[in-house]
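To start, the structure under review is shown below, and the notes come after it.
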Amino acid sequence: MAKAVAREASSGEESSSAKTYSEETKRIVQQLVQDNTCAESQKFLSPLSIHFSQNHIRPEFQDGRLIDDAAKDIASRHMAPIPADEAGELQGFDIPGCDWCLLEPRFPQIEVILWRIKLREEDGSYTLDADGNELHGELEWYTLDNRRLYCLQKAAISLYPKEVRVLVKVIRQEDGSCREFRKFRSVDRGRSISVGHRDSAVNPRWSWRAEVGLPEEVLPAGSALPGQNKRNERSKYFRRNGFRNGQKDDTVGEEQSFWDLAANASLFVLVYVAIRLLFVMWRHYSQGTKDALKEGT
């Protein structure tokens, strides 16, 4: 009887402790979100689920600090799951439903976007299907902050296989960064990145999967965007008729007007020369006929 009471008391203490731990996690998360602007555009994502947008990064930041040193300075905090019925306004932040670790870097948040990148060949050219359409990858998280992502991935694998999250800022296509995110140069869809100076003979390539002993990810074949054939045909039509981005291109119009004028002028000159030649030949023939008649009389 005493043992049963003791077990119940112990279970009650563990439940109370877990609840307190969960409440502390919720308080920390809420404070972290409030400390950053645009709370509605933030999420807690795993750095291992975010991909690089370039093929190469330098080994230091612009201020000269080494990225490997910045990775070592990233702190982590053990966090408890937050029950769904207690999450409240935090439900949309993708907080894990199990114990997890929160990364606390000293540098600013990275910005991420859900994007279907255009696939590239090893030489950097776009991958096309049999109809000449550009192939795109799946909708995935990408960032332009490649050096900071490298640091976060190094910190995350030091805790592997624990669930790890970091607070990121989500960029939407309508936020004005669309053009920058089109500058992707990764040939393996951002799964790895070369680290070093471009003039170095050999630069190591970073891949978090290789670092933890996992095989390379098998990537699905790309696909063309819906309606791409129609857009390609429409683009060709607009280019042929002097349009660009759906609007009349004045430059193309001016070039066409110039060449049309030159062609018309050339045709006028040719017709004029032909008429003059015919007139000269006619006069020569007429004069010869008159001379022949005079000699006959």
From the list D68, D99, D73, which one is at pLDDT 80 or above and under 27 Å from the mean Cα position of the chain (by Cα)?
D68
Quick check, is A84 at pLDDT 95 or above and of a type outside the set (S, T, Y)?
no
Note on segment 167-198: residues over 21 Å from I113 (Cα atoms), modelled with pLDDT of 85 or more and not small (G, A, S) are V195, H197
Residues being open to solvent by less than 80 Å² (accessible area, probe 1.4 Å) and free of Cβ contacts under 8 Å to residues at least 60 places away in the same chain: count how many of those fall in segment 115-127.
1
In segment 259-297, what residues are modelled with pLDDT under 70 and open to solvent by 100 Å² or more (accessible area, probe 1.4 Å)?
K290, L293, K294, E295, T297
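For (1) in contact with a Phe, Trp or Tyr (Cβ under 7 Å, 6 or more places away or on another chain); (2) surrounded by fewer than 19 Cβ atoms within 10 Å (Cβ to Cβ), each residue gets a yes or a no:
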residue	(1), (2)
F61	no, yes
D69	no, yes
I74	no, no
Q91	no, yes
I95	yes, no
D129	no, yes
Q153	yes, no
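The values are calculated or read from the model by the stated rules, or taken from the named source; none is laboratory data. Remember, it's a predicted structure, so these values are computed and weren't measured experimentally. Don't worry about glycine lacking a Cβ; one is built from the backbone with ideal geometry, like all the others, and counts go over all protein chains shown. Side chains included, ligands, DNA and RNA excluded: accessible areas come from the protein's heavy atoms. Shrake-Rupley method; radii C 1.70, N 1.55, O 1.52, S 1.80 Å.
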